[in-house]
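Participant: Sending over a structure as structure tokens; questions will come in a sec.
The values are calculated or read from the model by the stated rules, or taken from the named source; none is laboratory data. Predicted, not measured: the structure shown is a model, and the values here were computed from it. Positions of Cβ are generated from backbone atoms using ideal geometry, with glycine treated the same way; all protein chains shown enter the neighbour counts.
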Amino acid sequence: MVSAINVFVRHPRYALCLVLVLVPALYLILPLHYEPPVSSLHIPLHDYTDLTSKVAQSEAIYQHTIQEREGLIERFGPQPSDLDLFPPNTPPWPPYTVWDFFPAAFNCPHEVRRIGVLGDGGKWVCGLSRLAEKKDCVIYSFGINEESSFEAGLLANTNHCKIWGYDFSVKGFAKQIPYSQKHRTIFHPYGLAGTDHVSTGDEPTMYTLETLMKMNGHQHIDILKIDIEGWEFETMTDILKSFSEKGLPLPFGQLQIEIHIWNKKFDYFLKWWEGFEEAGLRPFWTEPNLVYVNYADSRKPDLAEYSFLNIKGDNAFTS
């Protein structure tokens, strides 16, 4: 200690240089208490080969994303009711849109493929190979609108799947379904709704998912496609409620849905989405539909395709 003082007295410039070098070095070496931001929290990752472990790891990653969403809401809100779906182009220009809060952060444990045409009409599917030879493969498609490339792709890549199609605005599947595969398709001019309504006039016949499954003698659907122009909010709310009240998991393994977020509020959409999560639906892919944004500068990017995997219950993709 004395010798150190003598060095400082005799050679002050040397001692000062030594201090300037040692202090930053000690700062870098010595452990300091540091609370990392949510985005840097560590999640152990392993190269799992068994399906159960893959799904569990994907779920851990997704739960981490939910925490990040809560932090983003607090940052820009702080309450969900304080947020806009698409903030106006005025100061302070919050750098977000509604889709930033709902990333497709769940990792599909199988191959991911786009089935159908590029652009509007095609959908992203997780693990279609799991259905390639499945004898009792069942697919429901709501919303045909003269574009059936998705359904045609599913038929082309499986050997036993049958597709039940529903749309009261058209008379059947579109021309993309080849004649050789039509025997694996069934079409009805019905709509999907939260309650049953048999038409007695100009209004279309509407059925719940549960009613249609009973009519067809089905206990389970492997892939459910829904594109019903905004009615997905009311319809999916009723579907989730119906099976939740019975204590049953959702009866489908995978969901491809186009979300039309027209005239909605952020807090409403958040609650609707959280209903999906509570029921076990996890988004593994998303694709914004920007066609209508291209037509008019005043339009918002309020359409988005999402693909969900159901991690609850027994299905071909997670079991």
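Participant: In contact with a helix residue (DSSP H, G or I) (Cβ under 6 Å, 6 or more places away or on another chain) and either of a type in the set (F, W, Y) or not assigned by TED's automatic domain parsing to the domain that holds L118 (or both): does that describe F284?
Facilitator: no
Participant: How many residues does the stretch 212-232 hold that are farther than 19 Å from V170 by Cα and either among the small types (G, A, S) or more than 18 Å from the chain's Cα centre (by Cα) (or both)?
Facilitator: Qualifying residue count, the stretch 212-232: 9.
Here's the yes/no breakdown for (1) more than 27 Å from E147 (Cα to Cα); (2) touching a residue at least 40 places away in the same chain (Cβ under 8 Å); (3) crowded, with 19+ Cβ neighbours inside 10 Å:
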site: Q219; (1), (2), (3): yes, no, no
site: L224; (1), (2), (3): no, yes, yes
site: P251; (1), (2), (3): no, yes, yes
site: Q256; (1), (2), (3): no, yes, yes
site: E277; (1), (2), (3): yes, yes, no
site: F284; (1), (2), (3): no, yes, yes
site: N294; (1), (2), (3): no, no, no
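Participant: Would you check if T237 is among the hydroxyl-bearing types (S, T, Y) and in contact with a Phe, Trp or Tyr (Cβ under 6 Å, 6 or more places away or on another chain)?
Facilitator: Considered against the rule, which asks whether it is among the hydroxyl-bearing types (S, T, Y) and in contact with a Phe, Trp or Tyr (Cβ under 6 Å, 6 or more places away or on another chain), T237 comes out as no.
Participant: Moving to a separate point now. Looking only at the stretch 126-153, count how many residues are assigned to a helix (DSSP H, G or I) and touching a Cys at 6+ places or on another chain (Cβ under 7 Å).
Facilitator: Adding up the residues that qualify gives 1.
Participant: Picking from E245, E229, E210, which residue would you name as being touching a Gly at 6+ places or on another chain (Cβ under 9 Å) and either of a type in the set (D, E) or farther than 21 Å from V198 by Cα (or both)?
Facilitator: E229
Participant: Taking the stated definitions as given, is S53 on the phi < 0 side of the Ramachandran plot and either modelled with pLDDT of 95 or more or over 22 Å from the mean Cα position of the chain (by Cα) (or both)?
Facilitator: It is false that S53 is on the phi < 0 side of the Ramachandran plot and either modelled with pLDDT of 95 or more or over 22 Å from the mean Cα position of the chain (by Cα) (or both).
Participant: Would you kindly identify the strands (runs of 3 or more DSSP E) lying entirely within the stretch 209-305 that contain at least 3 residues that are within 18 Å of W164 (Cα to Cα) and modelled with pLDDT of 95 or more?
Facilitator: Ranges flagged: 221-226, 252-260.
Participant: Of all residues in the stretch 154-188, which are loosely packed, with under 13 Cβ neighbours inside 10 Å, among the hydroxyl-bearing types (S, T, Y) and in a loop (DSSP other than H, G, I, E, B)?
Facilitator: S169
Participant: Please work out if E146 is at positive phi and over 23 Å from the mean Cα position of the chain (by Cα).
Facilitator: Yes; evaluated as a whole, the condition is true for this residue.
Participant: Which members of the stretch 189-208 meet the condition of being in a strand (DSSP E or B) and over 28 Å from the mean Cα position of the chain (by Cα)?
Facilitator: The one that is in a strand (DSSP E or B) and over 28 Å from the mean Cα position of the chain (by Cα): H197.
Participant: Checking P103 against (1) surrounded by 13 or more Cβ atoms within 10 Å (Cβ to Cβ); (2) in contact with a Phe, Trp or Tyr (Cβ under 8 Å, 6 or more places away or on another chain), which single condition isn't satisfied?
Facilitator: (2)
Every residue, every condition in (1) surrounded by 13 or more Cβ atoms within 10 Å (Cβ to Cβ); (2) touching a Cys at 6+ places or on another chain (Cβ under 6 Å); (3) among the hydroxyl-bearing types (S, T, Y), yes or no:
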| site | (1), (2), (3) |
| --- | --- |
| I61 | yes, no, no |
| L72 | yes, no, no |
| P78 | no, no, no |
| S81 | no, no, yes |
| F86 | yes, no, no |
| T90 | no, no, yes |
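Participant: Return yes when K171 is within 27 Å of H260 (Cα to Cα) and without any contact (Cβ under 8 Å) to a residue 24 or more places away in the chain and no when it is not.
Facilitator: The answer is yes for K171.
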